[in-house]
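The values are calculated or read from the model by the stated rules, or taken from the named source; none is laboratory data. On a predicted model such as this, the values are computed, not experimentally measured, just so you know. Glycine gets a Cβ as well: all are built from the backbone with ideal geometry, and neighbour counts include every protein chain shown. When the accessible area is computed, the model is the full protein with side chains, heavy atoms only, and any ligands, DNA or RNA have been set aside. Shrake-Rupley method; radii C 1.70, N 1.55, O 1.52, S 1.80 Å.
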Amino acid sequence: MLTKPKISVLLPVFNSEKYIVECIESILTQTLRDFELIIIDDNSTDNTLNLINVFSDSRIILIQKEKNTGYTESLIQAIAIARGVYIARMDADDICFPNRFQKQFEYLNENPWVSLCGCDAEIIGSHSSFNYPQDFDVIKINLLFGSSLIHPTIMGKAEIFKQYSYNSTMEPAEDYDLFTRLAIDNVVLFNVNYKLLKYRVHPNQISQQKRIIQRKHARFCMLRMFKMLSYDRIKYSDQFVMKIIYPIEQLSPSEFRKGLTFFKSIKNSSSFYDEELLAKIGHSIPPSPG
């Protein structure tokens, strides 16, 4: 029987010829070397596959899909075959710092109550970073307004990924959907205080191409978190609450006034959110860019 690798790295790819070599090189040169790299190609039509096949590393498992079904389906397929103790995410246009896996693996081993951790990231071509909160109580509150972990930075217990997996119908907000489902079940999320990834922003990202769909799906995730608070469910329907908490279309004057009443009526009647922290959080927290 084969020994389990410490980490299974999930790398969905599609027409990624511009960045894939640099991405794979950053994975294969990690200081922690005990991992398998599961690459799921979503029926690429460019030179991506030829570039991947240049690498002759036994840790690479390459699966070619016969038709394009989307990157969330690729992640689901990769999770099903992953053998690692932990699962790590990576995107084909990003770059890992050499010690990324080592840092996250050590943190998860030393803090077994944490099931999944992300990290900070350097945005390529910018001096900006994400600066998302570290602690679970703050992450839960931030999830009221948007994702609080950078999707391609996460690493977590394999059994958590296999139990919860992804929902392909929520693409391209599948990460926010996963994080809110985990948080509501009190599966502990954390961000280590290191920049361990170089995150690339470019016009061809799926999240940019499908921004409107992403926002509509994000509304359901936000509603899920708001339902952990107390308010009049009859007076304020789910559709109205989603429209108010994440406006996509223009609000009428009456909707705006009702929305103000809604926010004033919200109470933190459970122990899910930390009362003191909740009082400090405003509505200026942006959704994750990816």
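A few remarks follow.
- Formal net charge of residues neighbouring Gln102 (Cβ-Cβ distance under 11 Å; K, R +1; D, E -1): +2
- FRET efficiency for the Ala80 to Thr31 pair, using the beta carbon distance and R₀ = 30 Å, is estimated at 0.60.
- Added length on full extension, which subtracts the Cα-Cα distance from 0.36 nm per residue, Ala279 to His202: 24.1 nm
- Given +1 at the Cβ of Lys and Arg, -1 at the Cβ of Asp and Glu and no other charges, the dipole of the chain around its Cα centre is 860 debye to the nearest 20.
- For Leu229, neighbours were defined as the other residues whose beta-carbon sits under 13 Å from its Cβ, and their charges (Lys and Arg +1, Asp and Glu -1) total +3.
- Straightening the chain between Asp238 and Leu251 buys 3.1 nm, computed as 0.36 nm per residue apart minus the Cα-Cα spacing.
- Taken about its Cα centre, the stretch 234-275 carries a charge dipole of about 240 debye when Lys and Arg each add +1 at the Cβ and Asp and Glu each add -1 at the Cβ.
- Nearest 10 degrees, 0 to 90: helix 211-226 Cα axis against the chain principal axis: 60
- Surface calculation, 1.4 Å probe, protein heavy atoms: Glu17 sits at approximately 90 Å² accessible.
- Burial order of peptide ranges 108-114, 65-71 (average beta-carbon count within 10 Å, highest first): 65-71, 108-114
- Between Ser165 and Val54, the C-beta separation translates, for a Förster distance of 35 Å, into a calculated FRET efficiency of about 0.65.
- Radius 9 Å from Cβ of Asp46, net charge of other residues (Lys, Arg +1; Asp, Glu -1): 0
- Full-extension gain in nm, Thr69 to Gln102, via 0.36 nm per residue minus C-alpha separation: 8.6 nm
- Antiparallel DSSP beta bridges within the chain, percent to nearest 5: 25
- The protection proxy used here, the mean number of other Cβ atoms lying within 10 Å of each residue, ranks peptides 116-128, 222-234 as follows, highest first: 116-128, 222-234.
- Compared with the dominant principal axis of the Cα atoms in the chain, helix 253-265 is inclined by about 80°.
- Efficiency of FRET between Asp135 and Leu229 - r from beta-carbon atoms, R0 22 angstrom, step 0.05: 0.70
- Set of the stretch 9-37 residues, backbone N closer than 11 Å to the point 7 Å along the Cα-Cβ line of Asn109: 32-34
- Separation of the alpha carbons by more than 27 angstrom is noted, of Lys18/Lys67; Lys103/Lys162; Lys198/Lys227, for Lys198/Lys227.
- Only helices enter the 222 nm calculation for the chain: every DSSP H run of n ≥ 4 contributes -39,500 (n - 2.57), and dividing by all residues gives -10500 deg cm²/dmol, rounded to 500.
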